[in-house]
Amino acid sequence: MIGNRPDNENYDVVVIGGGPGGAAVATLLAQQDRRVLLAEKARFPRFHIGESLMPETYWSFERLGMLERLEASRFPRKHSVQFIGGSGRASRPFYFQETNPHESSVTWQVPRDEFDAMMLDNAAEQGVTVRQGLHVSDVLFDGTQATGVVTRAQTGVEQTIGASVVVDATGQGALLARKLDLKRPDARLRKASVFAHYRGAHRDSGIDEGATLIVYTPSGKGWFWYIPLPDDRVSVGVVGDPEELFGSDRAAPAAVLDREIAACPAVAERLTRATRQTDVHVLRDFSYRLDRLAGDGWVLVGDAGGFIDPIYSSGVFLALKSGEFAADAIDDALEAGDLSGARLGVFQETLAFGVAAVRKLVYAFYARGFSFADFLAEHPEHRDNLVALLVGDVFRKEVHEIFTPMARMCDLGEPVST
């Protein structure tokens with residue numbers, strides 16, 4: 001190795017992480033005949049949370065060549081999202097096709113172990129060199145310029161691999177963001193989640209069978225997701241303040257989930273005949289943002305570039321969009337021979353515009369005294385805009401008009417970082 005430049009294997013782009021964002025950026029660059037290595041430390045399939053897709057993912061899947069695979073899958077179709085109040089009263093479902101009759105308005109509920117493996121297989125078939133079980137321990141720099149990565153195989157063998165551009169798609173591990181101290185928590189969304197999969201739970205009939213349910217806890221201090229999956233399974237998780245969920249005694253995750261379910265009749269009744277099929281998992285303080293998403297020779301995509309509360313199932317959608325935007329920027333930068341942070345990060349403003357819409361919607365959800373039912377009763381002209389946001393149509397300026405009257409009813413201001 002000469003200086004900080006690896007000299008034994010080189011690619012146009014090395015992508016670290018095989019989740020949706022990493023698979024998307026790698027696939028799209030391979031479609032442009034770029035030489036791409038995707039390094040994933042795990043071996044798929046592996047358990048992951050975040051199973052509900054936004055309908056606007058359709059257009060990303062079309063570009064990635066994923067639609068045929070998804071249409072042939074056994075994944076439940078998602079036609080709507082429905083909110084259930086703390087009293088157990090259910091709202092009218094938000095059926096996505098009511099505002100857009102196109103087939104893109106119906107999406108999927110995906111077990112992430114199968115879905116992520118499907119995305120990786122698709123990437124490999126389109127020319128990406130996919131190496132599972134390959135851990136990236138560090139990103140190499142020559143001054144401010146990223147030049148490659150240090151890898152370690154499961155056999156323990158270490159190797160340096162060169163790259164014109166390094167893409168961090170390591171999810172909430174955020175390898176580069178931590179190395180460069182870019183990660184900033186969102187103090188307004190300091191939450192934790194506890195979740196598991198259940199078999200034998202109640203499922204609604206017809207097109208409502210695959211609906212995502214958002215259930216407020218009776219205390220009003222938290223909420224549940226309820227997502228139908230294949231094999232008679234549902235994903236069930238509770239989100240709330242860490243102190244409220246775990247208390248000072250730091251209760252065991254399984255005990256916390258059991259307690260919260262028992263205290264929420266709308267969820268408990270659906271799980272009366274169900275049995276838990278997985279371990280109980282915990283995520284803490286998961287909402288954060290970053291100062292920037294690109295630098296000289298490096299780019300961040302997916303959760304490695306920031307994460308918002310999961311209430312609207314925006315994680316996979318934003319990961320795919322960031323992968324698309326990043327791939328286009330990287331391809332243009334390689335073509336121009338300009339790998340500066342300014343050139344690679346040209347998409348940041350566009351992505352931030354859409355992310356801001358999701359963040360404001362999350363702030364509104366948690367705002368005390370605010371309800372979307374009351375908002376729509378006062379501003380029925382914005383129902384279509386609200387549905388547009390729920391499907392992921394967040395990059396269109398007209399949709400953002402909803403936030404002017406909404407800001408008069410609750411605080412949608414910028415988050416406070418700690």
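See the values below:
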{"quantity": "Residue check, Arg289 in a loop (DSSP other than H, G, I, E, B) and either in contact (Cβ under 8 Å) with a residue 12 or more places away in the chain or crowded, with 18+ Cβ neighbours inside 10 Å (or both)", "calculated": "no"}
{"quantity": "Region 323-341 - residue that is touching an Asp or Glu at 6+ places or on another chain (Cβ under 9 Å) and small (Gly, Ala, Ser) and, of those, nearest to Thr57 (Cα to Cα)", "calculated": "Gly341"}
{"quantity": "Selection count, region 24-53, where residues are under 28 Å from Glu158 (Cβ atoms) and hydroxyl-bearing (Ser, Thr, Tyr)", "calculated": "1"}
{"quantity": "Criterion violated by Val280 - all others in (1) of a type in the set (A, V, I, L, M, F, W, C); (2) exposed (fewer than 15 other Cβ atoms within 10 Å of the Cβ); (3) modelled with pLDDT of 95 or more satisfied", "calculated": "(2)"}
{"quantity": "Filter result for Asp231 (surrounded by fewer than 21 Cβ atoms within 10 Å (Cβ to Cβ), within 26 Å of the chain's Cα centre (by Cα) and under 27 Å from Phe307 (Cα atoms))", "calculated": "no"}
{"quantity": "Contacts under 7 angstrom Cβ, first residue in region 63-84 being over 14 Å from Arg203 (Cα atoms) and assigned by TED's automatic domain parsing to the domain that holds Tyr226, partner assigned to a strand (DSSP E or B) and small (Gly, Ala, Ser), 6 or more apart", "calculated": "Ile84/Ala90"}
{"quantity": "Count of region 364-379 residues which are surrounded by fewer than 20 Cβ atoms within 10 Å (Cβ to Cβ) and within 18 Å of Ser313 (Cα to Cα)", "calculated": "3"}
{"quantity": "Pick from region 299-327, criterion over 10 Å from the mean Cα position of the chain (by Cα) and not in a helix (DSSP H, G or I), ranking: farthest from Thr217 (Cα to Cα)", "calculated": "Val299"}
{"quantity": "Some residue of region 352-363 being out of contact with any strand residue (DSSP E or B) (no Cβ under 8 Å at 6 or more places or on another chain), surrounded by 18 or more Cβ atoms within 10 Å (Cβ to Cβ) and of a type in the set (Ser, Thr, Tyr)", "calculated": "yes"}
{"quantity": "Residues satisfying the stated conditions in region 44-72, i.e. farther than 22 Å from Leu283 by Cβ, part of a loop (DSSP other than H, G, I, E, B) and either charged (D, E, K, R) or at pLDDT below 95 (or both)", "calculated": "Glu56"}
{"quantity": "Checklist (1) within 23 Å of Ile330 (Cα to Cα); (2) part of a strand (DSSP E or B) applied to Val81, failing item", "calculated": "(1)"}
{"quantity": "Flag for Val280 being touching a helix residue (DSSP H, G or I) at 6+ places or on another chain (Cβ under 8 Å) and outside the structural domain of Val149 (by TED's automatic domain parsing)", "calculated": "yes"}
{"quantity": "Residue satisfying condition, being touching a helix residue (DSSP H, G or I) at 6+ places or on another chain (Cβ under 8 Å), of a type in the set (Ser, Thr, Tyr) and either outside any helix (DSSP H, G or I) or surrounded by fewer than 20 Cβ atoms within 10 Å (Cβ to Cβ) (or both), within set Ser164, Ser137", "calculated": "Ser164"}
{"quantity": "The listed residue being β-branched (Val, Ile, Thr), farther than 30 Å from Pro218 by Cα and not in a helix (DSSP H, G or I), out of Val13, Val25", "calculated": "Val13"}
{"quantity": "Residues satisfying the stated conditions in region 380-402, i.e. of a type outside the set (A, V, I, L, M), touching a residue at least 40 places away in the same chain (Cβ under 8 Å) and crowded, with 19+ Cβ neighbours inside 10 Å", "calculated": "Gly392, Asp393"}
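The rows are residues; the columns are (1) buried (at least 22 other Cβ atoms within 10 Å of the Cβ); (2) free of Cβ contacts under 8 Å to residues at least 24 places away in the same chain; (3) assigned by TED's automatic domain parsing to the domain that holds Cys264; (4) outside any helix (DSSP H, G or I).
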residue	(1), (2), (3), (4)
Ser87	no, no, yes, yes
Gln97	no, yes, yes, no
Asn100	no, no, yes, yes
Asp116	yes, no, no, no
Ala123	yes, no, no, no
Gly127	no, no, no, yes
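The values are calculated or read from the model by the stated rules, or taken from the named source; none is laboratory data. Just so it is clear, the model here is predicted, and its values are computed rather than measured. Using ideal geometry, Cβ is built from the backbone for each residue, glycine included, and neighbour counts are taken over all protein chains shown.
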